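Asks: Got a structure here, written out as structure tokens. Questions coming.
The values are calculated or read from the model by the stated rules, or taken from the named source; none is laboratory data. Keep in mind it's a predicted model, so treat the numbers as computed, not measured. Here Cβ is always computed from backbone atoms with ideal geometry, including for glycine, and neighbour counts include all displayed protein chains. Surface areas here come from the heavy atoms of the whole protein model, side chains and all, with no ligands, DNA or RNA. Shrake-Rupley method; radii C 1.70, N 1.55, O 1.52, S 1.80 Å.
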Amino acid sequence: MMNKFMIKAIDEAKQAYKEGNVPIGAIIVKNQQIIASAHNGSGSLEHAEFLVIEKALRKVNKRFLTGCELYSTVEPCLMCSGALINARIDKVFFGTYDSKSGCLGSVTDVFVLPFNHKIEYYGGIMEDECLHILQKFFKEKRETNAR
């Protein structure tokens with residue numbers, strides 16, 4: 001079941017790629033149903049995880065996302081990890097680790113800190129597929145900038 005949902009997050013990442021944005025996608029699942037999906041936009045706050053939280057909150061019309069799971073193609077950053085805690089997501093599944101800004105084990109691990117909400121998380125889900133689209137995007141950016 002995890003792979004089914006991660007494939008949908010990868011589809012969102014592909015949409016970001018088509019739009020010329022860093023290809024990261026995220027979905028939120030409740031009761032094994034996707035309730036929201038999003039991908040990175042062009043702004044510094046337009047992270048897939050942040051945007052999908054906002055969409056899901058509007059969909060459930062509640063203050064918190066208890067009973068929900070997030071699937072992201074990349075390990076969440078500090079901003080997104082904080083938003084996940086504040087939204088009270090139950091579980092996070094992510095694809096590839098991010099050694100530069102990942103905050104679920106790579107740079108730091110925000111979820112082990114004594115916040116008011118604890119989140120279960122699992123990394124490395126379909127990691128190769130999630131990493132491939134990022135590597136392709138940045139390789140093309142470097143080649144374009146070298147011209």
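Residues checked against (1) of a type in the set (A, V, I, L, M); (2) more than 14 Å from I133 (Cα to Cα); (3) out of contact with any Phe, Trp or Tyr (no Cβ under 8 Å at 6 or more places or on another chain):
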{"site": "I35", "(1), (2), (3)": "yes, yes, yes"}
{"site": "G43", "(1), (2), (3)": "no, yes, yes"}
{"site": "L51", "(1), (2), (3)": "yes, yes, yes"}
{"site": "K59", "(1), (2), (3)": "no, yes, yes"}
{"site": "R63", "(1), (2), (3)": "no, yes, yes"}
{"site": "L70", "(1), (2), (3)": "yes, yes, no"}
{"site": "T73", "(1), (2), (3)": "no, no, no"}
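Asks: Return yes when F94 is on the phi < 0 side of the Ramachandran plot, without any contact (Cβ under 8 Å) to a residue 60 or more places away in the chain and buried (at least 20 other Cβ atoms within 10 Å of the Cβ) and no when it is not. If you could, list the steps in order and put the result at the bottom.
Replies: Details: on the phi < 0 side of the Ramachandran plot: yes; without any contact (Cβ under 8 Å) to a residue 60 or more places away in the chain: yes; buried (at least 20 other Cβ atoms within 10 Å of the Cβ): yes.
For F94, the condition - on the phi < 0 side of the Ramachandran plot, without any contact (Cβ under 8 Å) to a residue 60 or more places away in the chain and buried (at least 20 other Cβ atoms within 10 Å of the Cβ) - is met.
Asks: For I24, indicate whether it is in contact with a Lys or Arg (Cβ under 9 Å, 6 or more places away or on another chain) and touching a residue at least 12 places away in the same chain (Cβ under 8 Å).
Replies: So I24 fails the test.
Asks: Which one is surrounded by the fewest Cβ atoms within 10 Å (Cβ to Cβ), of the residues in the stretch 29-57 that are farther than 24 Å from F137 by Cα and hydrophobic (A, V, I, L, M, F, W, C)? Give the steps one after another, and end with the answer.
Replies: Restricting attention to the stretch 29-57, the residues satisfying the condition of being farther than 24 Å from F137 by Cα are 29-36, 53-57.
Then drop every residue that is not hydrophobic (A, V, I, L, M, F, W, C), which leaves 29, 34-36, 53, 56-57.
On the way: V29: 24, I34: 16, I35: 18, A36: 22, I53: 24, A56: 25, L57: 18.
By that ranking, first place goes to I34.
Asks: Would you pick out the residues in the stretch 6-21 that are free of Cβ contacts under 8 Å to residues at least 40 places away in the same chain and surrounded by fewer than 20 Cβ atoms within 10 Å (Cβ to Cβ)? I'd like the intermediate steps shown before the answer.
Replies: So the first thing to find is which residues in the stretch 6-21 are free of Cβ contacts under 8 Å to residues at least 40 places away in the same chain, and the list is 11, 15-16, 18-21.
D11, Q15, K18, E19, G20, N21, listed by residue number.
Asks: Name the residues in the stretch 72-122 that are under 26 Å from N31 (Cα atoms), of a type in the set (D, E) and in contact with a Cys (Cβ under 8 Å, 6 or more places away or on another chain), would you?
Replies: Correct list: E75, D90.
Asks: Report the residue count in the stretch 65-102 for those that are in a loop (DSSP other than H, G, I, E, B), within 18 Å of H117 (Cα to Cα) and small (G, A, S).
Replies: Step one: filter the stretch 65-102 for residues in a loop (DSSP other than H, G, I, E, B), giving 65-67, 75-77, 88-90, 97-102.
Among the residues that remain, those that are also within 18 Å of H117 (Cα to Cα) are: 65-67, 76-77, 88-90.
After this cut, where a residue has to be small (G, A, S) as well, the list is 67.
The qualifying residues number 1.
Asks: Can you work out which of the residues in the stretch 113-147 that are among the small types (G, A, S) and assigned to a loop (DSSP other than H, G, I, E, B) is surrounded by the fewest Cβ atoms within 10 Å (Cβ to Cβ)?
Replies: Looking at residues that are among the small types (G, A, S) and assigned to a loop (DSSP other than H, G, I, E, B), I get G124.
Asks: Could you tell me which of the residues M79, M2 is in contact with a helix residue (DSSP H, G or I) (Cβ under 8 Å, 6 or more places away or on another chain) and either open to solvent by 80 Å² or more (accessible area, probe 1.4 Å) or on the phi < 0 side of the Ramachandran plot (or both)?
Replies: Unique residue meeting the criteria: M79.
Asks: Turning to a different aspect of this structure: List pairs: first residue in the stretch 34-56 and more than 14 Å from C77 (Cβ to Cβ), second residue part of a loop (DSSP other than H, G, I, E, B) anywhere in the structure, Cβ distance under 7 angstrom, at least six positions apart or on different chains.
Replies: Close Cβ pairs satisfying both conditions: H39/I24; G41/N21; S42/N21; A56/L65.
Asks: Go through (1) hydroxyl-bearing (S, T, Y); (2) in contact (Cβ under 8 Å) with a residue 24 or more places away in the chain; (3) in contact with a Ser or Thr (Cβ under 6 Å, 6 or more places away or on another chain) one by one and return the number of the condition S81 breaks.
Replies: Going through (1) hydroxyl-bearing (S, T, Y); (2) in contact (Cβ under 8 Å) with a residue 24 or more places away in the chain; (3) in contact with a Ser or Thr (Cβ under 6 Å, 6 or more places away or on another chain) one by one, S81 breaks only (3).
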